[in-house]
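Encoded as structure tokens, the structure appears first; notes follow it.
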Amino acid sequence: MKWDGNRQSDNVEDRRSESGGGPGGGGGLLGALLGGRMGVGVIVVALLGGWALGINPLTVLGLLDGGNMPSSQVQQAPAKRPPADDRMAQFVSTVLADTEDVWTEMFTKGGSVYIAPHLVLFRGATSTGCGQGEAAMGPFYCPADQKVYIDLGFYQTLKDQLGAPGDFAQAYVIAHEVGHHVQNLLGVSAKMEQRRGQLTQVQYNAQSVRLELQADCLAGVWAHHAQATRQILEAGDLAEAMNAAAKIGDDALQGAGGRRVVPESFTHGTSAQRQHWFNAGMQGGTVKNCDTFSSRNP
């Protein structure tokens, strides 16, 4: 992926020196999944739903039990910028800036204003508008404060434990979370929340799958326009993103280590579905291509 020298976003907050709560890296939940030590029931659904590129599992739990979304009133210190010589922070800031450029232009063409999210770098744990964020959750978006949260150690997990290396796979992670922000701005997330009391757990899981697949598609829309305007892709980049989408499908995660695949508990979609919708956004380049909710078989 060609990103060196491109604009970096000013909307990155570095809390890594302030975070605590144990080692980063996103491996805690992965270890539980692969080792079979996690319990069953709604908590499993919530954590599976939130961990592999999605919204804060605390938010998912609130939606599943019909409760209100938790909020944190903890006051954060003034936002701090990442060090200028931090290579990975530079990469993240550049990808975020690219999503800002793409979505600002698309919202403008649609007659509206794009409000860019902030991206928070943390280590171990941090407070969020959706409750306490943990590295074991993996990257997530909190609609309450409109921020994306990531412990950069997750990228090592993505490479070493999930088998999805590459810088474009890492960019896909960020673009997916920004996709959730776009859904929030468009009112898609609010419509789901409004219906939560009318749905059973299985029905909500099915809707969650469509929400996550749409975020995958929106990540593809970003990639389409970033390539068209800035030619960011190099040989193998799309394969990296498609491989990452495959590795984080619900069936792939549940099947890892011989675990039984339970389609009724899916919250993000199968590997094939995630690949299909990322590619749909990449090829079509419009939000209209991402109507996962109207598709008979998402």
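Among the listed pairs Lys159/Lys288; Lys80/Lys247; Lys2/Lys247; Lys109/Lys191, those whose Cα-Cα separation exceeds 27 Å are Lys159/Lys288; Lys80/Lys247. Backbone amide hydrogens, once placed in the peptide plane, bring Val120 within less than 5 Å of Glu13, Val148, Tyr149, Ile150, excluding anything fewer than 5 places away on its chain. Could you tell me the center-to-center distance, by alpha carbons, between region 236-256 and region 94-118 in angstrom? When both Cα centres are located, 27 Å separates them.
Here the gap between Met88 and Lys2, fully extended at 0.36 nm per residue and compared with their Cα-Cα distance, gives a gain of 29.5 nm.
By count of other Cβ within 10 Å, fewest leading, how are Trp222, Trp3, Trp103 ordered? Write down the numbers at each step before the final one.
Details: Trp222 27, Trp3 21, Trp103 24.
By the 10 Å Cβ count, ascending, the order reads Trp3, Trp103, Trp222.
The length gained on full extension between Gln198 and Phe293, counted as 0.36 nm times the residue separation minus their Cα-Cα distance, comes to 32.5 nm.
Laboratory data are not the source of any read-out in this text; all were calculated from the coordinates shown. None of the values given here were measured: they were computed from a predicted structure. A quick note on method: Cβ atoms are made from the backbone with ideal geometry, for glycine too, and the neighbour counts reach across all protein chains shown.
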